[in-house]
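The values are calculated or read from the model by the stated rules, or taken from the named source; none is laboratory data. All figures in this text were calculated on a predicted structure; none of them were measured in a lab. Note: ideal-geometry Cβ built from the backbone for every residue, glycine included; neighbour counts use all protein chains shown. Remember, those area values only see protein heavy atoms, side chains included, never the ligands or the DNA or RNA. Shrake-Rupley method; radii C 1.70, N 1.55, O 1.52, S 1.80 Å.
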Amino acid sequence: MPDISLTTVVLLCLAALAAGWIDAVVGGGGLLLLPALLLGLPAGTPAAHALGTNKAVAIVGTTGAAITYARKAPVDVRTAVRIGLAALAGSSGGALLAAGMSTEVLEPVIMVVLLAVAAFVILRPGFGTAPKPGPVSRRRILAAIGFGGLGIGFYDGLIGPGTGTFLVLALTALLHLDLVTASATAKIVNCCTNAGALAMFAWQGAVLWQLAGLMAVFNLVGGTLGARTALKKGSGFVRVVLLTVVFALVANMAYEQWLA
């Protein structure tokens, strides 16, 4: 355990609880959890340790949410795993490229995309409220693997913020899912990408395991509660949380780009 105060540990655990809930409902929990770790860890702690600890915490909550969803939501686990494996490959490529380029160039583009997404969801109130009847075509499944897996996985490795939210939107649009089922599917995909990233950070010795273990308990509770809330409240509730997270992502990126 790093040398941090009990108050800071408590605040980090509460952040893990809230992040688990947000991430389970619509993705984007890292928007809260990672900054909390960066602020809470002692000065001089390498950023890689915050990233590695974040992955160790998040994978527990994501797995709990995925299991909760899989029990009650009509998730196509086989398709979700195929997208997840593609996302794992994409995130590895993105991480390799990230070392040699500035993400500051891409962040304004991502902000515009997020605002366009928010406008689309607002103007299309029926988006993701109910799945479309009939089987999904092979072409759409391949598109979900290519764009939702490789494409968004690549973005996750390159930049990261909002990956879960982008996954929910892509899966809803490409596979004709309702927002609840898309969130459930996204959790399985997130498990794959988080496992790959955690393995790399663990190999580098960049995980604070004692702190991660404590925070992971709270993240698991938050993830399980978030999945149950989404299942109970339905797609209309998920839509509201989705828009809230999208605008929070835009505000966070704008602050980092122009004010920080």
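Listing for the model above:
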{"read-out": "Pick from the stretch 173-216, criterion among the aromatic types (Phe, Trp, Tyr) and touching a residue at least 60 places away in the same chain (Cβ under 8 Å), ranking: least open to solvent (accessible area, probe 1.4 Å)", "value": "PHE201"}
{"read-out": "Lone qualifier among THR68, THR63 - being of a type outside the set (A, V, I, L, M), open to solvent by less than 40 Å² (accessible area, probe 1.4 Å), part of a helix (DSSP H, G or I) and touching a Lys or Arg at 6+ places or on another chain (Cβ under 9 Å)", "value": "THR68"}
{"read-out": "Conditions (1) of a type outside the set (A, V, I, L, M, F, W, C); (2) more than 14 Å from GLY222 (Cβ to Cβ); (3) open to solvent by less than 40 Å² (accessible area, probe 1.4 Å); number of the one not met by GLY28", "value": "(2)"}
{"read-out": "The one condition in (1) more than 18 Å from the chain's Cα centre (by Cα); (2) not in a loop (DSSP other than H, G, I, E, B) that ALA206 fails to fulfil", "value": "(2)"}
{"read-out": "Hits in the stretch 221-260 (condition: open to solvent by 50 Å² or more (accessible area, probe 1.4 Å) and closer than 20 Å to GLY162 by Cβ)", "value": "PHE237, VAL240, THR244, PHE247, ALA251, TYR255, GLU256, GLN257, TRP258, LEU259, ALA260"}
{"read-out": "Residue within the stretch 98-107 that is at pLDDT 85 or above and in a helix (DSSP H, G or I) present", "value": "no"}
{"read-out": "Criterion (small (Gly, Ala, Ser), closer than 17 Å to VAL238 by Cβ and at pLDDT 70 or above) met by exactly one of ALA66, ALA58, ALA119, ALA89", "value": "ALA66"}
{"read-out": "Selection status of THR45, polar (S, T, N, Q) and either out of contact with any Gly (no Cβ under 6 Å at 6 or more places or on another chain) or under 24 Å from LEU88 (Cβ atoms) (or both)", "value": "yes"}
{"read-out": "Contacts under 9 angstrom Cβ, first residue in the stretch 32-60 being open to solvent by less than 10 Å² (accessible area, probe 1.4 Å), partner assigned to a helix (DSSP H, G or I) and of a type in the set (Ser, Thr, Tyr), 6 or more apart", "value": "LEU37/THR53"}
{"read-out": "Among residues of the stretch 128-141, those that are modelled with pLDDT of 90 or more, out of contact with any Ser or Thr (no Cβ under 9 Å at 6 or more places or on another chain) and either assigned to a loop (DSSP other than H, G, I, E, B) or open to solvent by less than 90 Å² (accessible area, probe 1.4 Å) (or both), counted", "value": "1"}
{"read-out": "Meets criteria (part of a helix (DSSP H, G or I), hydrophobic (A, V, I, L, M, F, W, C) and in contact (Cβ under 8 Å) with a residue 60 or more places away in the chain) for VAL240", "value": "no"}
